[in-house]
Structures are given as C-alpha cells and as structure tokens.
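A short write-up of the structure that comes next.
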Amino acid sequence: MYRSPLFIVDTPEKLQEMVAMLEGEPVIGIDTEADSMYAYQEKVCLVQVSDRNRDYIIDPLAGFSLDPLAPFMEDPEIVKIFHGADYDVVSMKRDFGFTFRNLFDTMITAQILGLPRVGLADLCDRYFGVLMEKKYQTHNWALRPLQPEHLDYARGDTHYLLALRELFVRKLQRTGRMAIAQEEFALVEDREWSLKVPKEQLFRKMKGANKLDDKALRALRGLWDMRDAHAERMNRPPYKVIPNQVLLKLAEKRPETLEQLGKHVRAGSSMVRRYGEEMVAAIQSAMETTDELPDVPKKVRSGTRAKYGSREVERLFNQLKEWRSQVLKRDKVPMILVGSNSQLKAIAGTRPASLQELGELEEIRDWQVDIYGEELLELVAAFEAGMPKKRSKSKASSDDDAPKKRRRRRRRKSGDDAQPAQES
C-alpha cells in the first residue's frame with residue numbers, strides 16, 4: 001500500500017535519527033492520534049510525520065521528550081501540512097509546548113476551493129484513487145503494543161498530505177485564493193487550548209440540570225463529585241463510569257437506601273454493585289450541605305459586542321444573509337468565501353461606516369474587506385438611511401405637548417366667548 005519506508009520513533013535515540021533525516025526538508029505532513037474517548041484527561045498518543053522520503057510514527061507515551069521537534073514546528077521556512085489542524089495544534093501546544101508557523105491545512109483549502117466533500121478519505125479517493133480504512137477512527141490509541149494494522153492506519157493520515165498540498169497550491173494560485181488560504185492558516189496557528197467552564201460548575205452544564213430544583217442540584221453535585229473522583233482514579237471518561245442520565249434520575253428521586261436505589265437503577269447491575277452504597281451516601285451527604293450552589297456557567301462570548309438593539313440587529317442580519325445568497329449565485333463561490341453567520345451578525349451589531357471599522361471587527365478577515373468591503377458598507381448605509389429618524393428629546397416633548405396646548409387654547413377661547421349667566 002505504501003511505497004515509502006516507515007520509521008518508528010520510540011526512543012530518544014531514534015528521535016535524534018529522525019531529526020537528522022528531517023534536516024533540509026522544506027515540507028512535512030503532520031497528524032496526531034489521541035485517547036479522548038478512553039481517558040479522564042485526553043492526551044496525544046501518537047504523532048505521525050511524513051516527508052518526501054518516508055513516514056514516521058512517534059510514540060509520545062514511550063517516556064521521552066519531543067523537544068527536538070520544536071524547532072521544526074516553529075521554523076517559518078518549513079511548511080507544516082495538516083488536515084483539520086485545529087485539534088492537532090491545540091493538543092500539541094498543550095502536551096508538548098510547540099509553537100507553529102507556516103501551516104497549511106488541506107481541509108480548509110478544500111473548503112475554500114468549494115469541494116463537495118472535504119474529509120481526507122474523500123480527497124484521497126477523489127485525487128489518488130485510494131480507499132482509506134476508517135476502521136480505527138475510534139481506536140484507543142493509548143493501548144500498547146501497536147499492531148501492524150494500527151501503524152498502517154496511522155501513517156495514512158500524513159502519507160498523502162504532501163501530494164495533496166502540491167495539487168491544492170496549484171488550484172489556489174489558479175483561482176486567486178492563495179492569500180485567503182494563508183490568512184485562514186495563520187489564524188489556526190494561534191489557537192490555544194482552554195477550559196471554558198471551572199470544574200466546580202461543570203455539573204450545572206449537564207443536559208437537564210437546568211430543570212432541577214435546589215435540593216436536586218445539591219444531590220447532583222454530590223453524585224457528580226463522587227463519579228469524578230472515580231473517573232480520575234480509573235483514568236476513564238466520567239460518562240463511562242456512571243451515565244449522565246443515571247445521575248439526573250437519582251438527583252431527582254434522592255433514594256435513601258440501596259433498596260430505594262434499586263427502584264430507579266437496575267438492582268443487579270454492576271454499577272449498583274460497585275457504586276450503589278457510595279451513590280446513596282453521596283446524596284445523603286449533599287443534602288446536609290448549606291453552602292450556596294455555584295451559578296450556572298455563563299456562555300463564553302467571544303467576538304464583537306453588538307451596539308444596537310436585538311430587533312434592529314436581526315433585521316440587518318437578515319438583509320445581510322439575503323445579500324450573501326445573491327453573492328453565492330452571482331460569484332459562484334462557496335459560503336466560506338463570503339461570510340459566516342457569526343461574521344454577518346458582527347457587522348449587523350456594529351454597523352461599520354468605513355473599511356477601517358469593518359476590518360477592526362474581530363470576526364472579519366482582511367480578504368473579506370478587500371473583496372466585499374464596499375458592498376457591505378453600502379448595504380449598512382442603506383439600512384441606516386431607512387431607519388426612522390430619532391427626534392430630539394426637547395422636540396419630542398414639544399410635539400407631544402402641542403395637542404395639550406391646543407386643547408387648553410380651545411378651552412380658554414370657549415370660556416371667553418361664553419355669555420355670563422343671567423341673574424334670576
């Protein structure tokens with residue numbers, strides 16, 4: 001299946017050999033495999049690399065530092081090719097402290113070129129007639145030893161990247177979209193790993209927790225903490241220790257004995273045998289707490305804040321979406337080359353009046369300003385021109401008082417013209 005040799009890197013000495021072989025290589029393909037479905041805290045379990053001559057598979061779990069690879073990752077003269085780089089970049093930054101420069105993403109490129117299917121297997125089938133094995137997409141990559149079929153699968157994720165990039169570079173140049181792609185790649189290089197919700201608030205993020213009263217929430221917190229401690233000790237994802245729906249049901253019912261617990265969870269199950277007494281104890285302990293429950297985690301809002309009311313923003317947003325539909329038909333380009341909903345929403349919320357203001361929006365790319373900036377500004381200006389004029393407060397007050405003054409004048413006139421009552 002593969003004509004190039006495979007080099008396994010599972011010792012510091014072999015890593016040094018790999019570094020020597022990579023010297024002078026202008027382009028390398030990179031991918032990773034992790035264990036997010038099998039571990040409490042996911043980690044990178046394999047790093048795959050391909051150059052023009054061979055494929056490499058690095059085993060980070062073998063207990064040596066990958067620091068010798070850092071200079072290659074941050075060297076702006078070496079192209080690093082990924083397919084869907086977001087997860088790989090943030091994971092390697094988190095686990096190995098790498099910095100990335102001169103990245104090329106074949107999935108983003110496929111989107112920019114408007115290809116109907118952008119998965120790596122689809123692209124390899126389309127351009128190289130290669131049918132890639134999908135059997136090990138959910139494999140636990142932390143398991144050792146690695147079998148030959150695992151190695152064959154893993155190397156396939158980088159083996160074709162160099163050829164794919166060559167093909168895509170020509171297409172980008174032919175369509176005049178290279179600068180667009182490079183701007184998108186640079187944004188991916190700067191992505192960072194982040195924990196969006198503090199650990200003590202995570203139980204409130206569980207689907208269905210927002211429907212629970214305070215007592216049930218306390219029980220849920222106790223059960224969550226008990227499960228989390230087991231998951232961390234066992235190095236398993238928490239939902240694989242006790243399912244979320246079980247925690248929710250027990251938080252609502254709050255059984256006080258194993259017998260009561262058995263009415264809500266199958267009594268003879270291994271889960272009850274292992275954790276039944278602890279679940280009951282966790283609920284009872286939680287019921288005795290009196291501290292304040294943590295607030296519901298707020299959604300982390302990134303990007304530009306709207307300056308205008310939601311109704312006005314929605315009206316302009318709908319007009320921008322209609323404009324986008326017209327542009328897609330007119331220019332025959334994929335949606336990624338016009339604007340996403342979040343980008344159009346940012347424009348609707350701020351109504352930029354100049355190209356500079358448009359370019360300063362966090363969501364907007366330079367290439368969007370260059371290609372569609374004038375059109376967008378015209379649309380925003382037309383929207384503002386159609387908005388009802390806001391009257392000044394003093395004038396509005398004066399206008400509102402005018403009918404009252406006229407009524408008072410009519411009453412006074414009526415009083416002046418009236419004949420005095422005749423004395424009897």
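Some observations on this one:
- Nearest-20 debye value, the stretch 172-302 charge dipole, Cβ charges on Lys, Arg, Asp, Glu: 640
- Rounded percent of accessible protein surface that carbon and sulfur make up, the chain, 1.4 Å probe: 48
- Theoretical FRET efficiency, 1/(1+(r/R0)^6), r = Cβ-Cβ of Glu259 and Leu187, R0 60 Å, to 0.05: 0.55
- Glu362-Ile336 pseudo-label distance in nm [points 7 Å out on the Cα-to-Cβ vector]: 2.3
- With each label modelled as a point 7 angstrom along the Cα→C-beta vector, the Asp75-Lys207 pair spans 4.6 nm.
- Per the Debye formula on identical point scatterers at the alpha carbon atoms of the stretch 242-290, with no solvent, log10 I(q)/I(0) at q = 0.16, 0.17, 0.18 Å⁻¹ is -0.38, -0.43, -0.48.
- Violating pairs (Cα-Cα greater than 26 angstrom) within the set Lys211/Lys263; Lys196/Lys263; Lys196/Lys253; Lys199/Lys345; Lys199/Lys240; Lys207/Lys253: Lys196/Lys263; Lys196/Lys253; Lys199/Lys345
- Comparing Tyr239, Pro76, Val27 along the charge dipole axis of the chain, the residue lying farthest to the positive side is Tyr239, per the Cβ-charge model.
- For the pair Ser285 and Ser310, the difference between a 0.36 nm per residue extended length and the Cα-Cα distance amounts to 4.5 nm.
- GNM top mover of Asp214, Asp51, Asp59 - the chain, alpha-carbon springs below 10 Å: Asp214
- Counting only whole DSSP H helices of the chain, the ones at least 18 Å long by C-alpha along their axis and with mean Kyte-Doolittle hydropathy no lower than 0.0 are 161-175, 270-287, 366-385.
- Relative contact order of the chain, pairs being alpha-carbon contacts under 8 Å that are 6 or more residues apart, as %: 13
- Using a simple spin-label model with pseudo-atoms 7 Å out from Cα toward Cβ, Asp67 and Glu322 lie 6.1 nm apart.
- Shown is the FRET efficiency for Ser4 and Tyr127, computed with R0 = 25 Å from the Cβ-Cβ distance and rounded to the nearest 0.05: 0.90.
- The charge dipole of the chain, taken about its Cα centre with unit charges on the Cβ atoms of Lys, Arg (+1), Asp and Glu (-1) only, comes to about 3280 debye.
- Farthest towards the positive end of the charge dipole of the chain, among the residues Thr304, Ile336, Leu167, is the Cα of Thr304, using unit charges on the Cβ of Lys, Arg, Asp and Glu.
- The stretch 126-191 - charge dipole about Cα centre, Lys and Arg +1 at Cβ, Asp and Glu -1, debye rounded to 20: 260
- Largest mean-square fluctuation among Ala20, Ala216, Ala110, in a Gaussian network model of the chain whose springs join Cα atoms under 10 Å apart, belongs to Ala20.
- Mean accessible surface per residue for the stretch 122-207, computed with a 1.4 Å probe while every protein chain stays in place, in Å²: 59
- In terms of its C-alpha gyration tensor, the stretch 144-232 comes out oblate, because a/c is 1.5 or above while a/b does not outweigh b/c.
- For the stretch 1-61, the solvent-accessible area with a 1.4 angstrom probe is 44 square angstrom per residue.
- If you wrap the tightest convex hull around every Cα atom of the stretch 1-126 and split its volume per residue, you get 126 Å³.
- Euclidean distance of C-alpha centroids, the stretch 116-190 and the stretch 64-86, integer Å: 16
- FRET efficiency estimate (nearest 0.05) - Cβ-Cβ, Glu384 to Arg101, R0 35 angstrom: 0.25
- Tensor-based shape of the chain (alpha-carbon gyration tensor, a/c under 1.5 rounded, otherwise prolate or oblate): oblate
- Gaussian network model of the chain, springs between alpha carbon atoms under 10 Å - residue of Ala267, Ala121, Ala39 with greatest fluctuation: Ala267
The values are calculated or read from the model by the stated rules, or taken from the named source; none is laboratory data. Everything quoted here is computed from the prediction, not taken from an experiment. In this analysis, Cβ positions are derived from the backbone assuming ideal geometry, glycine residues included, and neighbour counts consider all displayed protein chains. What goes into the accessible areas is simple: the full protein's heavy atoms, side chains included, and nothing from ligands, DNA or RNA. Shrake-Rupley method; radii C 1.70, N 1.55, O 1.52, S 1.80 Å.
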